[in-house]
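See below for the structure under consideration.
The values are calculated or read from the model by the stated rules, or taken from the named source; none is laboratory data. Computed from a prediction, not measured in an experiment: that's the story for all the values here. Here the Cβ positions follow ideal geometry from the backbone for every residue, glycine too, while neighbour counts run over all protein chains shown.
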Amino acid sequence: MKINQKPRAMMFPAPAVVASAYDEDGKADCCTLAFATMCSHHPPAVMIAINTTLKRKTLKSILHTGEFCIGFPSVEHVAETDYMGIASGYDTDKIRDVGFTFSDGKVVNAPIINEFAASLECRLIHTADVGSHTQLTGEIVNVRAEEDILDEKGKISYQKLDPICYDDVSHTYFSIGSHVGDGFKIGLKFRK
Ligand SMILES: Cc1cc2nc3c(=O)[nH]c(=O)nc-3n(C[C@H](O)[C@H](O)[C@H](O)COP(=O)(O)O)c2cc1C
């Protein structure tokens, strides 16, 4: 029997990623986001959503520079990632607090957190207000990845990256599970 649930934002699985940007004074800030997903192949783009009604310095910084990075934390950095979603750049320097460092983006004017094995450099191409959140679309203009998370074909390996999944319903972090099938292949058995 299916039970009706109260409507609330949810997605399974959702990630925990970290958006970073420079503020008006050139200071690096970042915040953890579960509202994040890819949204276009051409141009390559991602979409994030940041709460407009609550205190979010990173949103102000992204709107100011029009550029941002998305870092993909690995499971080993789950505590640092959580902290970046608790503290605000209005009150403290989060990157320094967790002992992380950052570099300038290679293409965009936004900080890349060095400890994250993979990051996207994004240029803001669209914003939309959706209720409590501002939805920001970023064109991916560069991708940075540590050599040791690449597979034999030079592509980012999901398993080597070991990204964090976040359940926004129970407020719990998970690691990815095991390989269960090959995309665009395992479903072919139903083709008539
Ligand atoms: C796991 C996790 C996911 C989060 N996802 C979002 C999100 O998608 N959108 C958002 O506006 N805030 C989200 N937050 C809250 C912000 O990261 C948090 O308010 C942060 O302190 C904002 O920092 P800032 O003021 O430096 O930008 C999340 C927090 C956590 C811990």
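Put simply, of Phe100, Phe68 the only residue that is at pLDDT 95 or above and not in a loop (DSSP other than H, G, I, E, B) is Phe68. Going through (1) surrounded by fewer than 16 Cβ atoms within 10 Å (Cβ to Cβ); (2) at negative phi one by one, Gly99 falls short only on (2). Tallying residues that are over 15 Å from Lys27 (Cα atoms) and either away from the ligand (no atom under 13 Å from the Cβ) or aliphatic (A, V, I, L, M) (or both) within region 67-107 yields 14.
Scanning region 144-178 for residues that are in contact with a Pro (Cβ under 7 Å, 6 or more places away or on another chain) and part of a loop (DSSP other than H, G, I, E, B) yields a count of 1. Only a single item in (1) in a loop (DSSP other than H, G, I, E, B); (2) over 17 Å from Leu59 (Cβ atoms); (3) within 16 Å of the ligand (Cβ to nearest atom); (4) free of Cβ contacts under 8 Å to residues at least 24 places away in the same chain is not met by Asp182, and it is number (3). Can you tell me which residues in region 133-171 are among the hydroxyl-bearing types (Ser, Thr, Tyr) and either more than 15 Å from Pro73 (Cα to Cα) or in contact with an Asp or Glu (Cβ under 7 Å, 6 or more places away or on another chain) (or both)? Correct list: Thr134, Thr137, Ser157, Ser170. Give just the number: which of (1) outside any strand (DSSP E or B); (2) hydroxyl-bearing (Ser, Thr, Tyr); (3) surrounded by fewer than 23 Cβ atoms within 10 Å (Cβ to Cβ) does Thr137 not satisfy? Result: Thr137 passes all but (1). Per this entry, Thr127 is not counted among residues that are touching a His at 6+ places or on another chain (Cβ under 6 Å) and surrounded by 11 or more Cβ atoms within 10 Å (Cβ to Cβ).
Within the group Pro43, Pro15, which residue is away from the ligand (no atom under 13 Å from the Cβ), closer than 18 Å to Ser119 by Cβ and either out of contact with any Phe, Trp or Tyr (no Cβ under 9 Å at 6 or more places or on another chain) or not aromatic (Phe, Trp, Tyr) (or both)? It is Pro43. Cβ-Cβ contacts under 7 Å between residues 6 or more apart (or on different chains), taken from a first residue in region 117-143 that is under 24 Å from Ala9 (Cβ atoms) to a second residue that is part of a loop (DSSP other than H, G, I, E, B) and aliphatic (A, V, I, L, M), are listed as Cys122/Val108. Scanning region 54-75 for residues being under 20 Å from Val107 (Cα atoms) and either hydroxyl-bearing (Ser, Thr, Tyr) or in contact with a His (Cβ under 7 Å, 6 or more places away or on another chain) (or both) gives a total of 3.
Inspection of region 109-125 identifies at least one residue that is closer than 17 Å to Ile62 by Cβ and part of a loop (DSSP other than H, G, I, E, B).
Within region 1-53, can you find the residues that are without any contact (Cβ under 8 Å) to a residue 12 or more places away in the chain and either closer than 17 Å to Pro111 by Cβ or among the aliphatic types (A, V, I, L, M) (or both)?
Met1, Ile3, Asp25, Gly26, Met38
Of all residues in region 57-77, those that are on the phi > 0 side of the Ramachandran plot have Cβ atoms under 8 Å from Cβ atoms of residues that are modelled with pLDDT of 95 or more, 6 or more apart or on another chain, in Gly66/Arg123; Gly66/Leu124.
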